[in-house]
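The values are calculated or read from the model by the stated rules, or taken from the named source; none is laboratory data. Keep in mind it's a predicted model, so treat the numbers as computed, not measured. Neighbour counts run over all protein chains shown; Cβ positions are idealised from the backbone, glycine included.
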Amino acid sequence: MVKWHKSAVPTTLPPLVALAPMAGVTDIPVRAQVKVFGGRYCVSEMVASEQLARDRIDMVRRAAGSGVISPLVIQLAGREARWMAEGARIAEDAGADVIDINMGCPSKSVTSGLCGSALMRDPETALRLIEATVTATARPVTLKMRLGWDHASLNAADIAKRAEDAGVRMITVHGRTRQQFYAGSADWSAIAPIVEAVRIPVIANGDIASADDARRALALSGAAGVMIGRAAQGRPWLPGAIEHALLHGGDATPPPRERLLASLLALYDDTLAFYPERLGVRVARKHIAWTIDAVLGSSAREARKAICMLDDPTRVRAGLHALFGDAPDHPTTRSRTSDDGCANPVDARRAGAYSIAHASAHRPRHAPANP
Ligand SMILES: Cc1cc2nc3c(=O)[nH]c(=O)nc-3n(C[C@H](O)[C@H](O)[C@H](O)COP(=O)(O)O)c2cc1C
């Protein structure tokens, strides 16, 4: 867990390896599994502050997690200071330990409303939102952004400095501009000027999928940690394993297959319990597909398709047992550095034993009785 010094600087030794906020991905069930495998810092899906304040059910669901995920890092998005302030108050009330501000999302639906990375085009508005958020909550406020809107306006260092002066305690930078969306490669060395511009920790993000990627990103940027996004889809063990590898050397090695299966089954049950029925089935299919791809590769395409068409949970579980039990070892699941194939500091046998079944007991005050 990140410790916040009295100097307002979190300790990030060993380098922090965080799970990135991903809308539609990093819900409570996913973050619970990432934590089981030793991931110590997981950011929620983006929560639209105005919709949260208006009690919209999907945003209320995204802001839950108190007593289940610790630290509880809730990411807010918005374009008006008053809603960011209200969102921060609600998130704090719901148990948030840290509030992150989204200034990195490139999605047109987000940027057309002047939030996400569009704020980098309007630093004055961005600063007003940051100040309103910092003022509204006693919790540490962090910021996530890109290098700038485009290569003609690389203003991340400037905004970072102003954000630090406004009280922001940590900044994550995705090494692309907004106009790049996800094209090309993340430029980790372009994060270095931001690290130099501020005294607070800067976390490097973009295209980090292995311990070696993390080492290169840290070396090129000078950042205090890294944040892992897409590479963790279907690989909840990855952030914890990368952090372990940074500390002890070697690669980020996946746990044995039975532990991956136990984790997937727990994620499946938790996802069905967390969402209304049809939605839960759809969300769970996404994770099943990613996990099968990550563990078994393309050889399991047909089986993946068949399992993802099933509705009956008993048949889904049976299909997964059969698939994971029968398939030959995929090369990427073999341990190269540890005897038992589990490189994580956390006892990964607990994977699957963890359940969010009691999450509803920790609902924020706006949460519905049956989300
Ligand atoms: C499906 C998806 C959803 C995302 N949602 C968010 C979000 O809610 N908030 C945010 O700040 N960034 C969001 N991002 C961006 C990621 O946090 C991250 O910055 C980006 O994917 C680059 O990191 P990666 O190369 O490790 O994936 C999202 C990315 C993806 C792929």
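Worth a mention:
- Among residues of segment 19-33 that are at positive phi, those with a Cβ under 8 angstrom from a residue that is assigned to a helix (DSSP H, G or I) and of a type in the set (D, E, K, R), sequence gap 6+ or separate chain, pair up as GLY24/LYS286.
- Among the residues here, PRO21 does not qualify as more than 16 Å from the ligand (Cβ to nearest atom) and either in a strand (DSSP E or B) or out of contact with any helix residue (DSSP H, G or I) (no Cβ under 7 Å at 6 or more places or on another chain) (or both).
- Any hit, segment 222-237, residues being more than 16 Å from the ligand (Cβ to nearest atom) and crowded, with 20+ Cβ neighbours inside 10 Å: yes
- Hey, MET145 modelled with pLDDT of 95 or more, closer than 30 Å to ALA94 by Cα, surrounded by 24 or more Cβ atoms within 10 Å (Cβ to Cβ) and within 12 Å of the ligand (Cβ to nearest atom) or not: yes
- Residue count for segment 161-214 satisfying the condition of being within 14 Å of the ligand (Cβ to nearest atom), assigned to a helix (DSSP H, G or I), free of Cβ contacts under 8 Å to residues at least 40 places away in the same chain and among the hydrophobic types (A, V, I, L, M, F, W, C): 1.
- Among (1) farther than 30 Å from ALA197 by Cβ; (2) assigned by TED's automatic domain parsing to the domain that holds ALA20 - the single one LEU218 does not satisfy: (1)
- TYR41 passes every criterion in (1) over 20 Å from ARG235 (Cα atoms); (2) modelled with pLDDT of 95 or more apart from (1).
- Among the residues of segment 51-74, those that are in a helix (DSSP H, G or I) and either under 15 Å from GLU92 (Cα atoms) or away from the ligand (no atom under 16 Å from the Cβ) (or both) comprise LEU52, ALA53, ILE57, MET59, VAL60, ARG61, ARG62.
- Scanning segment 75-96 for residues that are within 15 Å of the ligand (Cβ to nearest atom), of a type outside the set (Gly, Ala, Ser) and surrounded by 24 or more Cβ atoms within 10 Å (Cβ to Cβ) yields GLN75, LEU76, MET84.
- Top-ranked residue in segment 97-109 [being in contact with a Ser or Thr (Cβ under 8 Å, 6 or more places away or on another chain) and not small (Gly, Ala, Ser); ranked as farthest from the ligand (Cβ to nearest atom)]: ASP97
- Among residues of segment 228-257 that are touching a residue at least 40 places away in the same chain (Cβ under 8 Å) and not assigned by TED's automatic domain parsing to the domain that holds ALA289, none has a Cβ under 7 angstrom from a residue that is away from the ligand (no atom under 12 Å from the Cβ) and assigned to a strand (DSSP E or B) at a sequence gap of 6+ or on a separate chain.
- Restricting attention to segment 172-200, the residues being modelled with pLDDT of 95 or more, surrounded by 19 or more Cβ atoms within 10 Å (Cβ to Cβ) and basic (Lys, Arg) number 1.
- Single residue of segment 87-115 satisfying the filter (in a helix (DSSP H, G or I) and at pLDDT 80 or above) that is nearest to the chain's Cα centre (by Cα): ALA91
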